[in-house]
1. Identify, from the list Leu408, Leu400, Leu392, the residue that is aliphatic (A, V, I, L, M) and touching a Lys or Arg at 6+ places or on another chain (Cβ under 8 Å).
2. Being within 23 Å of His367 (Cβ to Cβ) and of a type in the set (D, E, K, R) narrows it down to one residue among Arg406, Arg428, Arg402, Arg424; which is it?
3. I need the full set of residues from the stretch 413-438 which are surrounded by fewer than 22 Cβ atoms within 10 Å (Cβ to Cβ), within 20 Å of the chain's Cα centre (by Cα) and of a type in the set (A, V, I, L, M, F, W, C), in order please.
4. Scan the stretch 45-53 and give yes if some residue there is more than 25 Å from the chain's Cα centre (by Cα), of a type in the set (D, E, K, R) and outside any loop (DSSP other than H, G, I, E, B), otherwise no.
5. Just checking, which of Ser191, Ser150 is free of Cβ contacts under 8 Å to residues at least 24 places away in the same chain and closer than 17 Å to Asp257 by Cα?
6. Scanning the stretch 233-286 for residues that are in contact (Cβ under 8 Å) with a residue 60 or more places away in the chain and of a type in the set (Val, Ile, Thr), which turns out surrounded by the most Cβ atoms within 10 Å (Cβ to Cβ)?
7. Exactly one of (1) in contact (Cβ under 8 Å) with a residue 60 or more places away in the chain; (2) in contact with a strand residue (DSSP E or B) (Cβ under 8 Å, 6 or more places away or on another chain); (3) not in a loop (DSSP other than H, G, I, E, B); (4) not aliphatic (A, V, I, L, M) is unmet by Ser410. Its number?
8. Filtering the stretch 54-109 down to residues that are acidic (Asp, Glu) and farther than 23 Å from Ala340 by Cα, which residue is surrounded by the most Cβ atoms within 10 Å (Cβ to Cβ)?
Amino acid sequence: MEATPPGELLQDAAQRAIAYLQSVPHRSITPSPQALLRLGELNHPLPQTGVDAREVLRRLDEIGSPTTVATTGGRYFGLVIGGTLPATIAANWLAAAWDQNASFRWTSPIAATLEDVSLQWLSDLFGLPDGVAGAFVTGASMANMSALASARHALLSRLGWDVEAKGLYGAPELRVVVSEEAHITILKSLSLLGLGRERVIRVPTDHRGRLKIESLPALDDRTIVCIQAGNVNTGDFDPAAEVCRRAREAGAWVHVDGAFGLWALAHPAFTALTEGLAMADSWATDGHKLLNVPYDSGIVLVRNAADLRAAMSANAAYLAEGDAGDREPSHYTPESSRRARGVEIWAALLNLGRDGIAGLVERTCRHARSFAKGLSDQGFEILNDVVLNQVLVSFGSPELTRAVIRHLQSEGICWCGGTVWQGRPVMRISVSNWATTEADVQLSIEAMVRAARQLHAESSA
């Protein structure tokens with residue numbers, strides 16, 4: 001059998017991808033049982049003879065596309081998952097064709113240049129100080145770990161200890177302070193770095209999930225403080241300005257976990273929430289949340305470039321050094337070989353501009369407020385102050401709330417997940433997608449209200 005020419009294969013792939021994207025607004029968010037059954041067709045022994053690429057693509061599309069969760073559509077509100085801007089999909093396709101290894105400047109001059117430009121744009125957009133270093137990683141989990149590795153290096157280096165060379169055996173002890181609402185990725189990062197997720201000092205939080213500043217312990221130059229910009233349940237922010245002021249006086253390090261909340265820095269309407277964030281020492285955020293670039297895409301930023309480089313860099317005789325003064329990407333990331341994910345971030349930033357990014361943040365937050373008002377007007381309880389893009393709602397008893405979540409997830413009009421907020425099971429609505437419209441919000445509210453009333457009537461009967 002004659003192989004399909006590459007050009008024809010790629011045109012076929014593009015047509016199938018376009019058809020998929022056009023179908024998303026009109027399909028169920030979740031796969032049908034019939035579609036899921038077909039996944040069994042993929043479970044067979046590896047063939048002795050290869051299959052033509054066009055047939056491979058056909059199977060992938062005809063079996064795979066119907067079994068995706070429509071997270072790129074406008075009515076997916078689970079976790080904090082953004083969609084994909086058209087410009088970033090196109091950039092992703094082109095970057096895949098380039099197949100660049102973004103490890104060094106000499107392995108991909110274009111990847112390194114776009115990273116340089118994007119990091120400068122991000123630093124300006126967020127109002128961060130000059131000299132901030134950064135890197136593009138897989139997500140906020142790796143961004144948090146990279147930032148905390150930088151913090152570990154900086155504090156131990158001041159104490160005369162080279163942690164990268166000697167490890168933590170016999171090292172001076174560091175303290176880590178987190179709030180009771182610290183995200184699991186912070187604790188996972190601490191465990192990977194040998195700092196321990198159970199040895200942290202936990203600070204109580206208020207009814208909005210914010211760190212209580214009056215409960216913050218005394219800080220010193222051996223302390224790392226982790227604060228949140230965007231609580232994963234309420235969307236609220238820790239009091240960054242006061243935490244950073246105390247940390248600076250004591251010589252402590254402040255890290256900001258801002259997976260989605262850091263983007264609030266792009267809009268002046270959120271100044272009261274974001275006050276003091278730029279005073280921190282490191283920041284972590286995602287590109288695949290509110291910026292709406294394809295998976296996977298995380299960003300780490302560190303005030304002192306030398307700290308990030310010292311924590312991440314490695315070299316060998318066969319790795320040629322670039323010109324002195326040039327930023328070599330691999331010296332700032334945990335990975336060596338990696339894809340050129342900075343291409344999509346550059347495309348998103350250039351496509352949107354400052355106004356577009358601000359508008360995207362404002363629009364998603366406005367949709368969240370519409371959810372809260374619409375559900376509250378129908379008599380359902382909203383448990384959080386909707387300050388950003390997160391909404392917590394109770395439909396009555398814990399059992400009824402869980403039943404509504406299950407109904408919505410199976411029905412497929414919209415998708416929301418459950419969580420527990422201060423002891424109460426609730427439904428969480430996360431609005432993160434550029435494609436979400438007012439019509440999507442209203443259709444989803446109607447589905448939620450209809451499900452809640454139907455299930456309440458059935459339970460009463």
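1. Numbers: Leu408 fails: touching a Lys or Arg at 6+ places or on another chain (Cβ under 8 Å); Leu400 fails: touching a Lys or Arg at 6+ places or on another chain (Cβ under 8 Å).
One residue alone meets the criteria, Leu392.
2. Working: Arg406 fails: within 23 Å of His367 (Cβ to Cβ); Arg402 fails: within 23 Å of His367 (Cβ to Cβ); Arg424 fails: within 23 Å of His367 (Cβ to Cβ).
Sole residue among the options that is within 23 Å of His367 (Cβ to Cβ) and of a type in the set (D, E, K, R): Arg428.
3. Answer for the stretch 413-438, where residues must be surrounded by fewer than 22 Cβ atoms within 10 Å (Cβ to Cβ), within 20 Å of the chain's Cα centre (by Cα) and of a type in the set (A, V, I, L, M, F, W, C): just Ala435.
4. Let us first name the residues in the stretch 45-53 that are more than 25 Å from the chain's Cα centre (by Cα), namely 45-53.
Filter again for of a type in the set (D, E, K, R), leaving 52.
Restricting the remaining residues to those that are outside any loop (DSSP other than H, G, I, E, B) gives none.
Within the stretch 45-53, not a single residue is more than 25 Å from the chain's Cα centre (by Cα), of a type in the set (D, E, K, R) and outside any loop (DSSP other than H, G, I, E, B).
5. On the way: Ser150 fails: free of Cβ contacts under 8 Å to residues at least 24 places away in the same chain.
Result: Ser191 is the single residue among Ser191, Ser150 that is free of Cβ contacts under 8 Å to residues at least 24 places away in the same chain and closer than 17 Å to Asp257 by Cα.
6. Thr285
7. Ser410 satisfies every listed condition except (2).
8. So in the stretch 54-109, the residues acidic (Asp, Glu) come out as 55, 61-62, 99.
Still in the list and also farther than 23 Å from Ala340 by Cα: 55, 61-62.
Working: Glu55: 12, Asp61: 17, Glu62: 12.
So the residue we want is Asp61.
The values are calculated or read from the model by the stated rules, or taken from the named source; none is laboratory data. Predicted model, so just to flag it, every value in this text is computed and none were measured. Methodologically, a virtual Cβ is constructed for each residue, glycine included, from the backbone with ideal geometry; neighbour enumeration extends over all protein chains shown.
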